[in-house]
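The values are calculated or read from the model by the stated rules, or taken from the named source; none is laboratory data. Predicted model only: the values in this text are computed from it and were never measured. Every residue, glycine as well, gets a Cβ built from its backbone with ideal geometry; the counts of neighbours run over all protein chains shown.
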Protein chains: 2
Amino acid sequence: MMPTEHSQYHSPVADPGHVVKSSPVMIDGVALNGPTLDVSAAEGFIQQSMAIIMEDAVRKATNVREKVCEWRSPEQLKELLDLELKDGGEAQSKILQRCRDAIRYSVKTTHPRFFNQLYAGMEPYSMVGSFIIEAIKPSLYTYEVAPVFTLMEEAVLKKMMEFLGWEEGGDGIFNPGGSVSNMYAMNVARFHHCPDIKELGLSAVPRLVMFTSQECHYSISKAAAFLGIGTKNVYVVPSDKRGKMIPAALEEQIKKAKNEGAEPFMVNATAGTTVLGAFDPIEEIADICEKYNLWLHVDACWGGAALLSKKHRHLLKGIHRANSVAWNPHKMLMACLQCCAFMVRDKTGLLQRCHSARASYLFQQDKFYDVSYDTGDKSIQCSRKPDAFKFWLMWKALGTSELERRVDRAFAMARYLAQEIKKREGFRLLMEPEYANVCFWYIPPSLRNMPESPEFWQKLHTVGPAVKERMMKKGSMMVSYQPHGDKVNFFRMIIISPQASREDMDFVLDEIDRLGQDL
Amino acid sequence: MMPTEHSQYHSPVADPGHVVKSSPVMIDGVALNGPTLDVSAAEGFIQQSMAIIMEDAVRKATNVREKVCEWRSPEQLKELLDLELKDGGEAQSKILQRCRDAIRYSVKTTHPRFFNQLYAGMEPYSMVGSFIIEAIKPSLYTYEVAPVFTLMEEAVLKKMMEFLGWEEGGDGIFNPGGSVSNMYAMNVARFHHCPDIKELGLSAVPRLVMFTSQECHYSISKAAAFLGIGTKNVYVVPSDKRGKMIPAALEEQIKKAKNEGAEPFMVNATAGTTVLGAFDPIEEIADICEKYNLWLHVDACWGGAALLSKKHRHLLKGIHRANSVAWNPHKMLMACLQCCAFMVRDKTGLLQRCHSARASYLFQQDKFYDVSYDTGDKSIQCSRKPDAFKFWLMWKALGTSELERRVDRAFAMARYLAQEIKKREGFRLLMEPEYANVCFWYIPPSLRNMPESPEFWQKLHTVGPAVKERMMKKGSMMVSYQPHGDKVNFFRMIIISPQASREDMDFVLDEIDRLGQDL
């Protein structure tokens, strides 16, 4: 093994804060005097890395003249990255190069022309918050270990619940993803329905059934499988042409389940569906939930941001009646990934009772401070990251008013794009956008004069993947495509970031046309 | 509202990369020409923040002469932090001060005298890896969005499985915490036992029962509740005095469950228990699992690190026979929080079949690359952080050999501390350490000549919390205490970080003695 630069960190060093005793102590052949990591030498490496991150992962990654992605096939990339882990370490200069390569071949989700997912853009305050978290490594189980972040989580949840219109407040927890939030909802709802399930399990009770629309996120199905409810016990309610759940159809499904002898316990309404950006009619669904005594969960992971806008919050009318809500500030509000809140309107400690296991090594009751600040037993996790801080810091910096301006701008940008699509030859809108999802087909010249036969749709279905391949290999932008229900592959544009502008919308349409001309 | 410095970011700016059209476009009163976030202006803020992070969260946080924590009660801290979120934003200078305050009042888990949890210490390479992740915001569902990190996760899992002795390899996924890994294990085990459960749920099948020792992590109980199995269907197997599961007792419990007409499906063995650091005898447990055809999961979240040591890996003898393993490199191996692998020996796609929901908007099958690299449908999450990268980068830098040296040193340090405890008046070891957990009582002078009556134990029980309060208010170190089974409160020291040395061990004992003299 070659001597390497980093070896300087790994020999005993004199640290004036440590009183080094004269006699070296050996145990099992290991010398124990003095630290073997010289933190001050490591600082040089961290400094150099920060310069690279600033240059490549911040400046270059967000520059519209740079590529969004530097496409390599898995085989090529394996070759380039030299992934194998070995006995010997590598020199610092080599590691710095590895950092540069990891950034270079990664997709730049903070680039102004990344429109591929429900998140995008660079948010400087939130980014700094996440750097702080990574540097000090807090874990959010007890106040003792994470005092600052425990209080910040409480403050952020309180403010978010104000926007839900929960005048009495409630309870909540940040967790690793909207999918996990929906799992929390399902577990709390069934515990509320029948607390014995926690101890006895589902084999001791009648078949539980929940309801959601055909347009809901796939995490509902995953959650039903994971929680032992079973995917077939998720009764799917039809949606209208816009993608909104049909309340009358919900009531029919509830009656059907009851007739079968099953026990309905929960309805999931979606505020901002993944593909179409549709909002289920919460008010009417809440009426049905009241009538049948069902828990109402609103999956507002994507659509929750509209609550910040006085102009658009009507889309979530009735959300104050929800029993629980999932809302991801890492989507339109641009907090760094991941930043996801699950909230319940209950104030009796339901969240805690439902999930607690009272580990005596962590949640000691004889601590010297108010242990109600040890929030970890509400969680299904043990270690938990303080994601709320990333949102708190940016909210402090921007204020509610700037968050509102950003949301309003995202709505306006989607409307602009839809107008342009309607004006252009070869582009066809699926429907007017209600939110920030703009769904459209690109019809290449070769198909423009064809009748809309099965052959036409079959050919159109291949356009999305082909254009996507070309845009990725060129690295000019990233826009997702998908089929949906009976619709063949279409593009879905999501415009969130204040880095993007009208000029980028024009660019996207021009570029699709350039890339797809000959298809 | 006062004008603030940050407002400069939020007006349209000329960006030479964007061809700004002459006519401004207004939609719903919002001007859409040009970006409204000036990234280059934001870079100045990020630069200044990085300087603060370097100074306060790296240099000062790891300096042994600084405090581990700056204790404030929740009430005091709320006052200091001004948590409320408001309509108007704040100036950058104010936000920088908020960053300083957040760091100042947070516990320094990277300080050489933080011994409170099963993680500790500063790892420069992993920290840099986590900064890169935060800057470029990847999400690990598809190769398309996270090419580099998809391949790195595969490489790290492959290497970890080598250490498990899985010669044929297997499958796996990084996920947000050992608790979640244990949930994965339970779900995969029951799907393997009866695949219909995914669709039909547990109400359609006989009562399932699993087995674990009384010393296991509390996440097993949480998982059983969450997955609908029920906490009472976790049959608890007694452990011996060292905290190891008694195999004969396991077999008795299995027979008992069968006699009750329940269906045993899984055994959880713990490699490195949370409080005592005990290792269940995997080989003997594996024999029993084979005999009764039960899934064997090994929770090696804490103890897995010993596999890196040729000297100590015998503690996990038999782990190659496990069907699944949970192992957290963020504990003794010091990858940044969170870094947790769940692995299955199965190579037939069990993980995927068990969790998949085949979302057509994300896992399109008509993509232009090999979609077997889209690993997201193995996961219960949608967005998922590329935690493996934090481990990959440090492993490249340090090599397996340095990881092994660190593990061996942690073992040696625990032995040194145990020796010292035995030498000192007023200290009493609970048992010889087998791993890196050193458990002991401190007996203040007032109790040293008392007979070991119930009154003695009752008084001793109050020593841990009192000493803990004093160490936190002084900020000199953090060591956890807990009761356990029939044992009154004792201290549990965990020594992981190469920043800590023999001198720190001496300091801990001296300091406990200083703080507890008058109790």
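Residues checked against (1) over 13 Å from B:Ala305 (Cβ atoms); (2) at pLDDT below 95:
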position: B:Ser372; (1), (2): yes, yes
position: B:Ser401; (1), (2): yes, no
position: B:Glu404; (1), (2): no, no
position: B:Val407; (1), (2): no, no
position: B:Arg415; (1), (2): yes, no
position: B:Lys423; (1), (2): yes, no
position: B:Arg428; (1), (2): yes, no
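For segment B:121-147, a residue qualifies if it is at the interface with chain A (Cβ under 7 Å from one of its Cβ atoms), β-branched (Val, Ile, Thr) and either touching a residue at least 24 places away in the same chain (Cβ under 8 Å) or not in a helix (DSSP H, G or I) (or both), and the qualifying residues are B:Val128, B:Ile132, B:Val145.
Is there a residue in segment A:94-112 that is more than 9 Å from chain B (Cβ to nearest Cβ), crowded, with 22+ Cβ neighbours inside 10 Å and either part of a loop (DSSP other than H, G, I, E, B) or not basic (Lys, Arg) (or both)? Scanning segment A:94-112 turns up at least one residue that is more than 9 Å from chain B (Cβ to nearest Cβ), crowded, with 22+ Cβ neighbours inside 10 Å and either part of a loop (DSSP other than H, G, I, E, B) or not basic (Lys, Arg) (or both). Taken over segment B:274-306, the criterion of being within 14 Å of another protein chain (Cβ to nearest Cβ) and either in a loop (DSSP other than H, G, I, E, B) or in contact with a Lys or Arg (Cβ under 6 Å, 6 or more places away or on another chain) (or both) is satisfied by B:Thr274, B:Val275, B:Leu276, B:Gly277, B:Ala278, B:Cys301, B:Trp302, B:Ala306. Taking the criterion of being over 15 Å from the mean Cα position of the chain (by Cα), part of a loop (DSSP other than H, G, I, E, B) and not hydroxyl-bearing (Ser, Thr, Tyr), the residues of segment B:325-352 that qualify are B:Arg345, B:Asp346, B:Lys347, B:Gly349.
Rundown of residues vs (1) among the aromatic types (Phe, Trp, Tyr); (2) touching a Leu at 6+ places or on another chain (Cβ under 8 Å); (3) within 24 Å of B:Val188 (Cα to Cα); (4) surrounded by fewer than 24 Cβ atoms within 10 Å (Cβ to Cβ), yes/no style:
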{"residue": "A:Lys158", "(1), (2), (3), (4)": "no, no, no, yes"}
{"residue": "A:Phe163", "(1), (2), (3), (4)": "yes, yes, no, yes"}
{"residue": "A:Ser179", "(1), (2), (3), (4)": "no, no, yes, no"}
{"residue": "A:Met186", "(1), (2), (3), (4)": "no, yes, yes, no"}
{"residue": "A:Glu199", "(1), (2), (3), (4)": "no, no, yes, yes"}
{"residue": "A:Leu202", "(1), (2), (3), (4)": "no, yes, yes, no"}
{"residue": "A:Asp240", "(1), (2), (3), (4)": "no, no, no, yes"}
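Among the conditions (1) under 24 Å from the mean Cα position of the chain (by Cα); (2) in contact (Cβ under 8 Å) with a residue 40 or more places away in the chain; (3) more than 16 Å from B:Gly121 (Cα to Cα), the only one that B:Lys473 does not satisfy is (1).
Considering each of A:Tyr481, A:Tyr435 in turn, give the residue that is more than 20 Å from B:Val30 (Cα to Cα), surrounded by 22 or more Cβ atoms within 10 Å (Cβ to Cβ) and either in contact with a His (Cβ under 9 Å, 6 or more places away or on another chain) or at pLDDT 95 or above (or both). Please lay out each step first, then the result.
Numbers: A:Tyr435 fails: more than 20 Å from B:Val30 (Cα to Cα).
The conditions single out A:Tyr481.
When B:Phe342 is tested against the conditions (1) in the same structural domain as B:Val145 (by the TED database); (2) of a type outside the set (Gly, Ala, Ser); (3) surrounded by fewer than 23 Cβ atoms within 10 Å (Cβ to Cβ), the lone failure is (3).
Selection over segment B:353-409 of residues that are surrounded by 23 or more Cβ atoms within 10 Å (Cβ to Cβ), of a type in the set (Gly, Ala, Ser) and in a helix (DSSP H, G or I) gives a count of 3. With the structure loaded, tell me whether A:Ser480 is within 12 Å of chain B (Cβ to nearest Cβ), within 24 Å of A:Ala410 (Cβ to Cβ), touching a strand residue (DSSP E or B) at 6+ places or on another chain (Cβ under 6 Å) and not hydrophobic (A, V, I, L, M, F, W, C) or whether it fails that test. In short, yes.
Counting just the residues of segment B:253-273 that are aliphatic (A, V, I, L, M) and part of a strand (DSSP E or B), which one comes out surrounded by the fewest Cβ atoms within 10 Å (Cβ to Cβ)? Going through the qualifying residues, I end up with B:Met266.
Among the criteria (1) at the interface with chain B (Cβ under 10 Å from one of its Cβ atoms); (2) in contact with a helix residue (DSSP H, G or I) (Cβ under 8 Å, 6 or more places away or on another chain); (3) surrounded by fewer than 24 Cβ atoms within 10 Å (Cβ to Cβ); (4) among the small types (Gly, Ala, Ser), the one A:Gly426 does not fulfil is (1). For segment B:489-519, give me each residue that is under 25 Å from B:Glu455 (Cα atoms) and within 11 Å of chain A (Cβ to nearest Cβ). Within segment B:489-519, B:Asn489, B:Phe490, B:Arg492 meet the criteria. Note on segment B:154-170: residues that are touching a strand residue (DSSP E or B) at 6+ places or on another chain (Cβ under 8 Å), assigned to a helix (DSSP H, G or I) and more than 8 Å from every other protein chain (Cβ to nearest Cβ) amount to 4.
Scanning segment A:447-477 for residues that are surrounded by fewer than 18 Cβ atoms within 10 Å (Cβ to Cβ) and touching a strand residue (DSSP E or B) at 6+ places or on another chain (Cβ under 8 Å) turns up A:Trp457, A:Gln458, A:His461, A:Thr462, A:Pro465. The number of residues in segment A:35-67 being in contact with a Lys or Arg (Cβ under 8 Å, 6 or more places away or on another chain), more than 12 Å from B:Val39 (Cα to Cα) and assigned to a loop (DSSP other than H, G, I, E, B) comes to 3. Beta carbons closer than 6 Å, at least 6 apart along the sequence or on distinct chains, pair a first residue in segment B:51-71 that is under 13 Å from B:Gly475 (Cα atoms) with a second that is modelled with pLDDT of 95 or more and surrounded by fewer than 16 Cβ atoms within 10 Å (Cβ to Cβ) for B:Trp71/B:Lys473.
Is it the case, given these coordinates, that B:Ala51 is closer than 26 Å to A:Phe363 by Cβ, more than 7 Å from chain A (Cβ to nearest Cβ) and either under 26 Å from the mean Cα position of the chain (by Cα) or modelled with pLDDT of 95 or more (or both)? Considered against the rule, which asks whether it is closer than 26 Å to A:Phe363 by Cβ, more than 7 Å from chain A (Cβ to nearest Cβ) and either under 26 Å from the mean Cα position of the chain (by Cα) or modelled with pLDDT of 95 or more (or both), B:Ala51 comes out as no. Restricting A:Leu250, A:Leu316 to those that are farther than 28 Å from A:Phe115 by Cβ and surrounded by 24 or more Cβ atoms within 10 Å (Cβ to Cβ) reduces the list to A:Leu250. Quickly run through segment A:293-313 and pick out the residues that are more than 24 Å from A:Glu402 (Cβ to Cβ), buried (at least 17 other Cβ atoms within 10 Å of the Cβ) and out of contact with any His (no Cβ under 8 Å at 6 or more places or on another chain). If the condition is that a residue be more than 24 Å from A:Glu402 (Cβ to Cβ), buried (at least 17 other Cβ atoms within 10 Å of the Cβ) and out of contact with any His (no Cβ under 8 Å at 6 or more places or on another chain), then A:Leu294, A:Leu296, A:His297, A:Val298 are the ones that fit.
Hey, among A:Leu77, A:Leu83, A:Leu151, which residue is more than 30 Å from A:Lys347 (Cβ to Cβ), part of a helix (DSSP H, G or I) and more than 18 Å from the chain's Cα centre (by Cα)?
Numbers: A:Leu83 fails: part of a helix (DSSP H, G or I); A:Leu151 fails: more than 30 Å from A:Lys347 (Cβ to Cβ).
When all the criteria are applied, what remains is A:Leu77.
Being of a type in the set (D, E, K, R) and within 30 Å of A:Ser480 (Cα to Cα) holds for only one residue in B:Lys385, B:Lys347, B:Lys396, and it is B:Lys385.
Return yes or no: is A:Asp82 in contact with a Lys or Arg (Cβ under 9 Å, 6 or more places away or on another chain), within 9 Å of chain B (Cβ to nearest Cβ) and among the acidic types (Asp, Glu)?
Details: in contact with a Lys or Arg (Cβ under 9 Å, 6 or more places away or on another chain): yes; within 9 Å of chain B (Cβ to nearest Cβ): yes; among the acidic types (Asp, Glu): yes.
So A:Asp82 passes the test.
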